[in-house]
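J.: Just dropping this structure here.
The values are calculated or read from the model by the stated rules, or taken from the named source; none is laboratory data. Computed from a predicted structure; not experimentally measured. FYI the Cβ positions are ideal-geometry reconstructions off the backbone, even for glycines, and counts take in every protein chain you see. Surface accessibility is based on the protein's heavy atoms, side chains included, excluding ligands, DNA and RNA. Shrake-Rupley method; radii C 1.70, N 1.55, O 1.52, S 1.80 Å.
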Amino acid sequence: MSQDGTVGQLAQRQSARRSWQNPTTVLITGATGGIGTALARCYAQPGRTLILHGRDAPRLATVTHECELLGAQVHGTCFDLRDAEAAMAALRELSSRHVIDLAIVNAGVSRGVGRGLEEESWDAAKAVLAVNLNGAIATVSGVLPEMRRRGAGQIAVVSSLAAYFGLPVTPTYCASKAALKVYGEAMRGLLAPQGIAVNVVLPGFVKTPMSDRFPSAKPLLMSPERAATLIRRGLERNRARIAFPLRLAWAMWFLSVLPAALSQWMVRTAGFGR
């Protein structure tokens, strides 16, 4: 390789590192949820542009105003992630108008199966997959062309510690987050040579309206603000996996490598069985 090519690659890596540590324009989907709102506030500062997405228009207006008071320039958008084609079109249009340095793919929904004998309905499963998996991949597909053209950018996909082991109380939610974890890990390897970082975020239980509806125990519950701080810190370091809290992360990983009978027994004992 020529000296000019080597210098060019070095400059590209240095530029990418600066964008990880201090992104100028940040896109956050699901910004009206607990973690999304906390992330918006965490990233809001003078000189930064935030593109905030949410389904709840009044709540989005409130979050937008709060972030503007913190000094950020904020644009709110309400496209529907359940319509993947429309979402991709909206994101490509946004990418044509804003140089998105960091896209945090955070929007998600959850459904529990309750305490009775009922199974998770197909309609409920479709609703979860439409947002958590199809909507997430559509978001990445929407912002990726412009990042590839520039040879720079960062994408954070928010999965869950539930990706490590399926919990009987939320089957499709766990499946969607497991798929998103593997997708993010694969995309990190695919896109790194192109100057684009991909990070997989694996939160445990965070105090949000979604976690309030979770039908079982919520060990090591933390605040959205603490979660946002940990996510931002991990993204600034370009960590492949940002998993927290650490004790719960190790426990969930351990379940995935134990013999299945033992793992299932431990899950039931911990209060996550049916």
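J.: I need the full set of residues from segment 32-49 which are closer than 26 Å to Phe205 by Cβ and either without any contact (Cβ under 8 Å) to a residue 12 or more places away in the chain or open to solvent by less than 10 Å² (accessible area, probe 1.4 Å) (or both), in order please.
T.: Gly36, Thr37, Ala38, Leu39, Ala40, Tyr43 - these are the residues of segment 32-49 that are closer than 26 Å to Phe205 by Cβ and either without any contact (Cβ under 8 Å) to a residue 12 or more places away in the chain or open to solvent by less than 10 Å² (accessible area, probe 1.4 Å) (or both).
J.: Just checking, how many residues over segment 231-264 are under 15 Å from the mean Cα position of the chain (by Cα) and free of Cβ contacts under 8 Å to residues at least 24 places away in the same chain?
T.: 1
J.: I've got another one for you. Just to be sure I understand, how many residues within segment 104-115 are surrounded by 22 or more Cβ atoms within 10 Å (Cβ to Cβ) and over 23 Å from Asn199 (Cβ atoms)?
T.: Count: 0.
J.: Same structure, new question: Inside segment 32-70, can you point out the residues that are part of a loop (DSSP other than H, G, I, E, B), over 15 Å from the mean Cα position of the chain (by Cα) and at pLDDT below 95?
T.: Arg55, Asp56 - these are the residues of segment 32-70 that are part of a loop (DSSP other than H, G, I, E, B), over 15 Å from the mean Cα position of the chain (by Cα) and at pLDDT below 95.
J.: Under the condition of being outside any loop (DSSP other than H, G, I, E, B) and within 15 Å of Arg111 (Cα to Cα), which residue from segment 164-197 is nearest to the chain's Cα centre (by Cα)?
T.: Top of the filtered list is Lys177.
J.: In segment 249-267, how many are farther than 28 Å from Ala192 by Cβ and in a helix (DSSP H, G or I)?
T.: Number of matching residues: 11.
J.: For residues that are open to solvent by 10 Å² or more (accessible area, probe 1.4 Å), assigned to a helix (DSSP H, G or I) and under 16 Å from Thr37 (Cα atoms), tally how many sit in segment 213-238.
T.: Matching residues across segment 213-238 total 6.
J.: Can you tell which of Phe254, Phe272 is out of contact with any strand residue (DSSP E or B) (no Cβ under 9 Å at 6 or more places or on another chain), open to solvent by less than 50 Å² (accessible area, probe 1.4 Å), at pLDDT below 95 and aromatic (Phe, Trp, Tyr)?
T.: Phe272
J.: Those residues that are open to solvent by 30 Å² or more (accessible area, probe 1.4 Å) and in contact with a Gly (Cβ under 6 Å, 6 or more places away or on another chain), I need them from segment 164-192; list them, please.
T.: Residue satisfying the conditions is Pro168 alone.
J.: Also, quick follow-up: Residue by residue through segment 50-103, note down the ones that are surrounded by fewer than 20 Cβ atoms within 10 Å (Cβ to Cβ) and either of a type in the set (Asp, Glu) or on the phi > 0 side of the Ramachandran plot (or both).
T.: Asp56, Glu66, Glu68, Gly71, Asp80, Asp83, Glu85, Glu93
J.: Still on this model: Inside segment 239-248, can you point out the residues that are part of a loop (DSSP other than H, G, I, E, B) and open to solvent by 30 Å² or more (accessible area, probe 1.4 Å)? So that I can check it myself, show each step before the final result.
T.: Pass one, segment 239-248, residues part of a loop (DSSP other than H, G, I, E, B): 239-240, 245.
Across segment 239-248, the qualifying residues are Arg239, Ala240.
J.: Continuing with the same structure: Exactly one of (1) farther than 24 Å from His75 by Cα; (2) in contact with a helix residue (DSSP H, G or I) (Cβ under 8 Å, 6 or more places away or on another chain) is unmet by Arg148. Its number?
T.: (1)
J.: Now, a different point. Of all residues being assigned to a helix (DSSP H, G or I) and open to solvent by 30 Å² or more (accessible area, probe 1.4 Å) in segment 17-31, which is nearest to Pro193 (Cα to Cα)? Just the residue, please.
T.: Only one residue tops the list, namely Arg17.
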